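Below you'll find the structure, written out as structure tokens, and then a few comments.
The values are calculated or read from the model by the stated rules, or taken from the named source; none is laboratory data. None of these values were measured; they are calculated from a predicted model. Note: ideal-geometry Cβ built from the backbone for every residue, glycine included; neighbour counts use all protein chains shown. What goes into the accessible areas is simple: the full protein's heavy atoms, side chains included, and nothing from ligands, DNA or RNA. Shrake-Rupley method; radii C 1.70, N 1.55, O 1.52, S 1.80 Å.
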Amino acid sequence: MSLIEETDYGTRRSTSDKTVSLTIDGFEIAVPEGTSVMRAAMEAGIKVPKLCATDMVDAFGSCRLCLVEIQGRAGTPASCTTPVAEGMVVTTQNERLKKLRRNVMELYISDHPLDCLTCAANGDCELQDMAGAVGLREVRYGYAGENHLGAAKDTSNPYFTFDASKCIVCSRCVRACEEVQGTFALTIDGRGFASHVAAGMDEGFLGSECVSCGACVQACPTATLMEKSVIEIGQPEHSVVTTCAYCGVGCSFKAEMRGNEVVRMVPWKDGKANHGHSCVKGRFAWGYTNHRDRILKPMIRARITDPWREVSWDEAIGHAASELRRIQGQYGRNSIGGITSSRCTNEETYLVQKMIRAVFGNNNTDTCARVCHSPTGYGLSKTFGTSAGTQDFDSVEETDVIIVIGANPTDAHPVFASRMKKRLREGARLIVVDPRRIDLVRSAHVEADYHLPLRPGTNVAMLNALAHVVVTESLFDQDFVRERCEIDAFADWAEFVSRPENSPETAAHFTGVPAETIRAAARLYATGGNAAIYYGLGVTEHSQGSTTVMAMANLAMATGNIGRRGVGVNPLRGQNNVQGACDMGSFPHELPGYRHISDDTTRHLFEQAWGVTLDAEPGLRIPNMLDAAVDGTFKGLYVQGEDIAQSDPDAKHVIAGLSAMECVIVQDLFLNETANYAHVFLPGSTFLEKDGTFTNAERRIGRVRKVMPPRAGMADWEITLALAKAMGVEMNYAHPSEIMDEIARLTPTFTGVSYAKLEEMGSVQWPCNEKSPEGTPIMHIGGFVRGKGNFLITEYVPTDEKVGPRFPLLLTTGRILSQYNVGAQTRRTENVVWHEEDMLEIHPHDAEERGVRDGDWVRLNSRAGATSLRARITDRVAPGVVYTTFHHPTTQANVVTTDYSDWATNCPEYKVTAVQVAPSNGPTEWQTEYREHSDQSRRIAQVVPVPAAE
Amino acid sequence: MDSGKLVYMANQIGRFFQNQPEAEAVANTADHIKKFWDPRMRKAIFAHVDHENGEGLQPYVLKAIQALKSEAATPKV
């Protein structure tokens, strides 16, 4: 193992098809037109000294270190800003250039601390390297002149420091913030000698708009911007490329290590999902992996009111297995089930559903996609024929019109949001459909052409109205529809959306958005060039979630925006492996590869491979499991890496269901909220402690690589194997690669996938099979997976969750940049400095009517329950709408949400809850009681050593 | 299982298909329930049809449930 040193070519790669030939230092070189002289030299193995240049940002030409001579041209141009030309003859090293460079370095070093031996960047400092490269041996100016050595160090950010005394003002950080991240939080303030990097209005990094993505730290050539972990631990000695375990973007990272200790996580430039960029979570928020709350020993208890008792793995697994078998003996084969995790690997997910189907002997398997993107699977399969997004992330580079509907990419999918913002800065147009004024509506150098701030629950009315305009104004793509779609279905749909009840004028009544704005947005989408829809849980988590997905698919097909780069219907998946969890057959009705359990051919294939008979009937979905538990027919549950007590709606009902079970087995890193109702706790492993794969939102399968042994002794896949074995069925795999081999053998879209292929390609997008051996970046080129595209009638049906005098406001919930899902990971990192509690966003008018001031405690009441939290007054939300997050168990936002759900999939309607808000003195009685119960439930019995016999 | 909840869910499903000709709407509603509902949920709604005359179910949804019930009662060859 060694430290992976990525080549920095100094300037960006040119994508030109035209080749230019030139000579550098006597070597003939051919590169794409538009390549810089610096990059051309580097590609030929000639390193031109540089400081302000790096290939993540545009060339700047300020440091004057990369000077070269070009035959026939005057002076010594900067090689970073000079593009190659046919026949050019370049010299990168001669006496004149050496002297110039040494002079430049002398000036830099005359105002730089000479503390290399104790500097955190020692061994990883480009300034140090360049001093060596130019042969700097003395600084003739001395060090006594005016300098910046006493400049203050900004340590306000929890993850990195800014030491101005070491800054060479190369602007790499400023340009990374602008060009890579798109936040524009940094600038060079002052002039001449007073020039300095300023965060925001010079208020320090923590107080500024900085989003801590780490792009500036990565870009810094000195120790000016430096990870605190490196300052504390030292430089890493080896690195391993792996995939982030946070959101569905699936960024590739180098885990840089010293021994078994992570020194830092650095985004990998070759990562095809992130191209070397990161966000605050993946880059910095990995401290949870060794947090003191990690449970490292298996535990059991007889009753949920007892304290936990630490036991051996054998005892815990044996107890869990015997309890599950006892329950089946007493209540029947179908009285138990399990939940797979979207945070675990494909291989682990596959094994859990396999164990449930083949060992439990039923199909009571489900996954957290139930509560997020299950409508995506249903809606896209009915219209396009497959349950996945249509594009790769790179596709956005060719998009002319972006619709973002029910998603907040800058908070929930920040690395992709940066790509999107870059495209918007290049001139793409933007339509945002969201009840809140999310950051994309207006932020630095980005402004939506249209923001349609619709009332929660009216997505279908809005999409039908957009379609109405497309059809009635003849803006649809007749050729595409005729050639690629079911023409009769199109005719029915066109007649349906043309009806007056689907007009923008009618929709305005439901959505609250003026008809003219809807019409203008529809015209832009249909006529603005390549148009792509990106959506999130603001689409799916509704009683009409599946209908909304179909309505978007209809719209994309009608306008011909499917089947090529720059277009498509793109779900932004919430968790790291939601796509994979769905692909792997986690749903109770589907085997891996989205094939229904009742399909005899598919079922027999798995029966033969697994050597068992499978039940042909669908099993229970998560909400059905909880209903059945309350009803007394479902008694045992194995939960791998999910926290349904916090994440699922109507928390009181979830708790009632869990409390009614006789054996709940939780496999997790921490004693989460679900574990409060568990009888067996099996300590899980983090993504750093195991091998496997994750599949991101663009269907990209990426490797997860083990960088340290599992802290509790077993990887999650090994725990599942042990449980299956204890229940009497041996599933033999020596390594997760063997599990993937089995998946490939049994799943048509995965037949070409193997760990060898992933080593070779880095990552691959399914379908990857004989037809597409290198994977499939764009789906439905030339034809839909189902053959012809299918238009479906999407009638708007208002939700039954109505506002009224008792509950006059609509609550919608979401996520914030610094926290992730139930917060189990991010709450155990320094990210809490940005979000230490869930807040209720409320419009100033609604707040004033209720006598609520900013920061006040308020009570949030719904038909399901009540909770208290503090208010944040903001016009980000429209009057009549309030918003909160669900990251903190002390808030228990899901006590308030109801059990209304999507008609097709039972995905909960998190996004629409009728509520009332009133001033409050603090937490509710429920919150206080819950906290007390939780504290009691987390007790671990102290083992009293037995004195040795005399 | 709470029959009220199941009736609500079944009607929700039926509502999506209600724009189709009745025979198609009945068949699609039945197909959806068959493909996505666990057998105990189906059994509970069959019992609701038997004991409560399917009270609360939309007429075409009731037909769908009755069709499913007949199918379940038919021995497989």
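Numbers below:
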read-out: Value of relative contact order over segment B:3-73, rounded to a whole percent, pairs C-alpha under 8 Å and six or more apart; value: 40
read-out: Accessible surface, per residue, of segment B:3-73 when the full set of protein chains is kept, probe 1.4 Å, Å²; value: 47
read-out: Reachable lysines, given that their alpha-carbon falls under 16 Å from the alpha-carbon of residue A:690 and they are not under 8 places away in the same chain; value: A:254, A:706
read-out: Nearest-10 value in Å² for the accessible area of residue A:294, using the 1.4 Å probe; value: 20
read-out: Prolate/oblate/rounded label for segment A:374-571 (Cα gyration tensor, a/c 1.5); value: rounded
read-out: Vicinal HN-Hα couplings computed from phi for segment A:706-716 (Karplus, 6.51 cos²θ - 1.76 cosθ + 1.60; Hz; Gly/Pro x); value: 5, 10, 7, x, x, 5, 8, x, 9, 6, 4
read-out: Mean residue ellipticity (222 nm) of chain A, computed from DSSP H runs ≥ 4 via -39,500 (n - 2.57), nearest 500; value: -8000 deg cm²/dmol
read-out: Cα-based Rg and Dmax for segment A:153-290, where Dmax is the largest Cα-Cα distance (Å); value: 14.8, 46
read-out: Accessible heavy-atom area order of A:564, A:863, highest first, probe of 1.4 Å; value: A:863, A:564
read-out: Largest to smallest principal axis extent of the C-alpha atoms in segment A:809-937, angstrom; value: 40, 39, 30
read-out: Surface per residue (accessible, 1.4 Å probe) for segment A:153-290, Å²; value: 30
read-out: Mean separation of Cα contacts under 8 Å, 6 or more apart, over the residue count of chain A: relative contact order %; value: 13
read-out: Kirkwood Rh in Å, taken over segment A:509-584 so that all alpha-carbon pairs contribute; value: 14.1
read-out: Percent of beta bridges antiparallel (DSSP, segment A:664-772, rounded to nearest 5); value: 65
read-out: Within the accessible area of the protein assembly as shown (1.4 Å probe), percent carbon and sulfur; value: 50
read-out: Packing-based order for A:506-517, A:327-338, using average beta carbon neighbours within 10 Å, highest first; value: A:327-338, A:506-517
read-out: Mean-position separation - Cα centroids, segment A:657-733 and segment A:327-351, in angstrom; value: 11
read-out: Rounded, prolate or oblate (a/c below 1.5 giving rounded, otherwise prolate when a/b exceeds b/c) for segment A:282-406 by Cα gyration tensor; value: oblate
read-out: Rounded to whole Hz, the Karplus (6.51, -1.76, 1.60) HN-Hα couplings of segment A:749-754, x for glycine and proline; value: 7, 10, 4, x, 8, 7
read-out: Under 21 Å from the Cα of residue B:43 - lysines, other chains or at least 8 residues apart; value: A:635, B:5, B:34, B:35, B:63, B:69, B:76
read-out: Tensor-based shape of segment A:467-554 (alpha-carbon gyration tensor, a/c under 1.5 rounded, otherwise prolate or oblate); value: rounded
read-out: Rg over Rh, two decimals, segment A:19-133 (C-alpha only, Kirkwood Rh); value: 1.00
read-out: As computed over segment B:3-73, the Cα convex hull volume per residue (Å³); value: 73
read-out: Shielded residues, segment A:891-940 - accessible-area loss of 40 Å² or more between chain alone and all protein chains, probe 1.4 Å; value: A:903
read-out: Centre separation in Å (Cα based) which lies between segment A:763-801 and segment A:855-904; value: 34
read-out: Phi-based couplings in Hz for segment A:553-567 (Karplus 6.51, -1.76, 1.60; Gly and Pro marked x); value: 4, 4, 5, 5, 5, 4, 9, x, 9, 8, x, 7, 5, x, 10
read-out: Viscosity 1.002 mPa s, 20 °C: Kirkwood-radius Stokes-Einstein D of segment A:751-882 over Cα pairs, µm²/s; value: 107
read-out: Listed residues A:757, A:690, A:771 arranged by accessible area, highest first, probe 1.4 Å; value: A:771, A:757, A:690
read-out: Per residue, in Å², the accessible surface of segment A:705-859 once ligands and nucleic acids are set aside, probe 1.4 Å; value: 42
read-out: Equivalent ellipsoid semi-axes - Cα gyration tensor, segment A:646-742, angstrom; value: 27, 18, 14
read-out: Solvent-accessible area buried by pairing A with B, both sides, nearest 100 square angstrom, 1.4 angstrom probe; value: 2300
read-out: DSSP bridge orientation in chain A - percent antiparallel, rounded to nearest 5; value: 60
read-out: Solvent exposure ordering (accessible area, 1.4 Å, most first) of A:397, A:347; value: A:397, A:347
read-out: Bridge type composition, segment A:809-937 - antiparallel percent by DSSP, nearest 5; value: 65
read-out: Distant-in-sequence amide H partners of residue A:263 (H built 1.01 Å from N, under 5 Å); value: A:256, A:257, A:258
read-out: For the protein assembly as shown, the spread of Cα positions along each principal axis, largest first, Å; value: 100, 96, 65
read-out: Qualifying aspartates and glutamates (Cα of each under 16 Å from Cα of residue A:228; at least 8 residues distant if same chain); value: A:124, A:154, A:163, A:256, A:261, A:830
